[in-house]
Amino acid sequence: MEEDDTINPNLTESTEHASLQKKHSSMVERLSKRHQTRSDNSDSSSPSFESVSSFLSRFNLLKTSIESNLAESQSLSSQLKPHFDNIAVSISDLEKLVAQNSYFLPSYDVRSSLKTVSDLKQKLDNLNSQLIPKKKFAFKNKGAKKDSVFIPQSKPSTVENVVSEKASSIAVRDSPGFRNETGHVLIKDCKGLEVGEFTVSDLDSCEVRIIGTVRALFVHRLKNCKVYVGPVMGSILIEEVEGCVFVMASHQIRIHNAKMTDFYLRVRSRPIIEDSNGVRFAPYCLCYQGIEDDLHGAALDQETGNWANVDDFKWLRAVQSPNWSVLPENERVGIVDVSNMNNGNEEI
Amino acid sequence: MGLLSIIRKIKRKEKEMRILMVGLDNSGKTTIVLKINGEDTSVISPTLGFNIKTITYQKKSRHISIHIEIGRYTLNIWDVGGQKTIRSYWRNYFEQTDGLVWVVDSSDLRRLDDCKMELDNLLKEERLSGSSLLILANKQDIKGALTPEDIAKVLNLEAMDKTRHWNIVGCSAYTGEGLLEGFDWLVQDIASRIYMLA
């Protein structure tokens, strides 16, 4: 386009002058028309506004509202958890806003906005640890839930019979797994057994322990659960989980529709998340009698560091995804030892 | 000379086949491609985007009395990621596909509905209407996996358009079992259509 219409002034001769001028004016008109349609398009299709000043005013507005929310929490005594969750969501929205507009912002503004975001996060973390007493991670503290806790007394291999099995609409046969439970401790000991695929689904406020090696693990619809898993030789597929803690080792891990959940992982490849937010990652920390041999057998004895190499399929940009983060070291649970829970469960 | 015959001529010279591998995430597409190419399959991350592999395929007839080299083909295999977010990009790879490989995780009973729905959508696509369809019922090595027969029932393959050339083969990308059998069928079927060799 430009090449066609570029006029070299040196060649302009008086005879051609009139026609060239006409050509030139029509070119200018075409260009302005094109520019018009282009800007119309960008107005309608893109949520961003490509103006530094309007970005900054919106950014500051959101920032101020988050700060006032943070200040409020000092005076709140109850409902702190949901309050903090809301603030966390606002902060991550703010971060998203920065990232969405980062392509046109001057680098100084990107840096300073990101700094503001991380300061806000820090403040929230500090308040969180100040105002909400940190729960110590221990199995002993479960005493309070005594009446609601269920321990399978039978041999581990019969556990799957205890759990009520609900066939999916087209499943031809039931697969081993834990399904449809609330407030129970569910233990599966796979040692010496050849376990193919294992399913954990539709659980609320349960604790799941899978000792030994399985080939594939499917996790679906879990709320407020703790899931401790020995090595998985193949892949793990997680969908629709909220408020959970997972400690797991596998060759591949895919996480879909997860909210406010912590993952302690050892993975041979890069874990991925999709349609998730508020998920945090830390290294694997499970321990039970003989776990070293199991990990070795599953080629998972090496720490690859991949637990922190998370790919977010909903965030294919160079900037860090706002949907996940590394779990700060001081908030990690430490080593989770599930070996003594294998036999006798008198502590619970 | 029609366009189709020109394309056929060009293809006959190079004997190339374009093969598109699709299926839900976690079905094992990348592992299958690496396995048939003899590569290491121990570290594979979920595919963000796609991989292309060019593989030379050679097969001689086992019937000694006939002595026919069935053929030497170059397979261009397009392995496209199956995560939900990127399934909408599959359509970008439909053009000129000779063979379609639909990979199923036979141990993932819960998502067979999803699997059927995505396959049905794919088969409605006009640009794929002439391609041969190989369904690989993968992960047969996992205890509790459905057999290829069960998968065929669930996906209701018998109800498919009668003009479609299709086959279902059980396989394990982990052990390699069944992979060659599946690709042998696919290459033969495509060859018999495009290169008119039986």
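Output the residues belonging to the range B:131-183 that are touching a Gly at 6+ places or on another chain (Cβ under 8 Å), within 12 Å of chain A (Cβ to nearest Cβ) and either open to solvent by 20 Å² or more (accessible area, probe 1.4 Å) or small (Gly, Ala, Ser) (or both). Those that are touching a Gly at 6+ places or on another chain (Cβ under 8 Å), within 12 Å of chain A (Cβ to nearest Cβ) and either open to solvent by 20 Å² or more (accessible area, probe 1.4 Å) or small (Gly, Ala, Ser) (or both): B:Lys139, B:Gln140, B:Lys143, B:Gly144, B:Ala145, B:Thr147, B:Ser172, B:Ala173, B:Tyr174. In the range A:241-287, the qualifying residues are those that are open to solvent by less than 10 Å² (accessible area, probe 1.4 Å) and outside any strand (DSSP E or B), and the one that is nearest to the other protein chains (Cβ to nearest Cβ) is A:Ser269. Of everything listed in (1) of a type in the set (S, T, N, Q); (2) buried (at least 19 other Cβ atoms within 10 Å of the Cβ); (3) in contact (Cβ under 8 Å) with a residue 60 or more places away in the chain, the single unmet condition for B:Gln96 is (2).
Looking at the range A:296-313, can you tell me whether even one residue there is part of a loop (DSSP other than H, G, I, E, B), of a type in the set (Ser, Thr, Tyr) and within 14 Å of chain B (Cβ to nearest Cβ)? Working first, answer last.
Keep residues of the range A:296-313 that are part of a loop (DSSP other than H, G, I, E, B), which gives A:298-305, A:309-310, A:313.
Retained after the next criterion (residues that are of a type in the set (Ser, Thr, Tyr)): A:304.
Applying the additional criterion that residues be within 14 Å of chain B (Cβ to nearest Cβ) yields A:304.
Checking the range A:296-313: at least one residue is part of a loop (DSSP other than H, G, I, E, B), of a type in the set (Ser, Thr, Tyr) and within 14 Å of chain B (Cβ to nearest Cβ).
Per the listing B:Glu177, B:Glu149, B:Glu95, B:Glu181, the residue uniquely over 12 Å from the mean Cα position of the chain (by Cα) and in a helix (DSSP H, G or I) is B:Glu149.
The values are calculated or read from the model by the stated rules, or taken from the named source; none is laboratory data. Quantities reported herein were computed from a predicted structural model and do not represent experimental measurements. Note that each Cβ is placed from the backbone with ideal geometry, even for glycine, and that neighbours are counted across all protein chains shown. Please note that ligands, DNA and RNA were not included when accessible areas were found on the heavy atoms of the full protein model with its side chains. Shrake-Rupley method; radii C 1.70, N 1.55, O 1.52, S 1.80 Å.
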